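Heads up: the structure comes next, in structure tokens.
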Amino acid sequence: MVRTATDRNDFNRRIVEEFRGNAGKVGGPFEGAPLLLLHTTGARSGQERVNPVMYRADGDRLAVFASKGGAPTNPDWYHNLLAHPRARVEVGTDAFDVTARVAEGEERARIWERHKAEYGAFAEYERKTSRPIPVVILERT
């Protein structure tokens, strides 16, 4: 099944509502996974966008993965962060501002390999695409 933008928006909206209604906990495909809500500014529109995204703690920073399920292109939120690196996250019941940057080299490899080892679906996403999946570091501001 090919998802349309409307389908994705409805799916994300339901996840966001469940996240906020349950102190950051959700069921379905994200049950038990570390999930945050990423607030970005649209690269072209300038409008606020909110996306549920799996994350990994890396010390006092958070890492998110622009996998888009192994699609050939990066997710819109990734392009938004490149254009506007200042963002906001909701983690559980906490919300705070962050600055985003793309991890490279050894830092990216270390975080990405650990994440794939713990969440095998990400290894599958990597196999499905020819693009390197960006790892984005979110640092509290």
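Computed values, structure above
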quantity: Surface share of carbon and sulfur [accessible, 1.4 angstrom probe, percent] for the chain; calculated: 48 percent
quantity: Solvent-accessible area per residue for the chain (1.4 angstrom probe, square angstrom); calculated: 57 Å²
quantity: Segment Arg8-Arg131, extension gain: residue separation times 0.36 nm, minus the distance between their alpha carbons; calculated: 42.1 nm
quantity: Identified option (computed Cα extents along the principal axes in Å; candidates [x] 47, 36, 26; [y] 40, 36, 33; [z] 57, 29, 24); calculated: [y]
quantity: Cα centre as origin, Lys/Arg/Asp/Glu Cβ charges: segment 35-124 dipole, Debye; calculated: 220 debye
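The values are calculated or read from the model by the stated rules, or taken from the named source; none is laboratory data. The model shown is predicted, which means the values in this text are computed figures rather than measured ones. All Cβ positions, even for glycine, are placed from backbone atoms using ideal geometry, and neighbour counts span all protein chains on display. Calculation scope for accessible area: heavy atoms of the full protein, side chains included, ligands and nucleic acids excluded. Shrake-Rupley method; radii C 1.70, N 1.55, O 1.52, S 1.80 Å.
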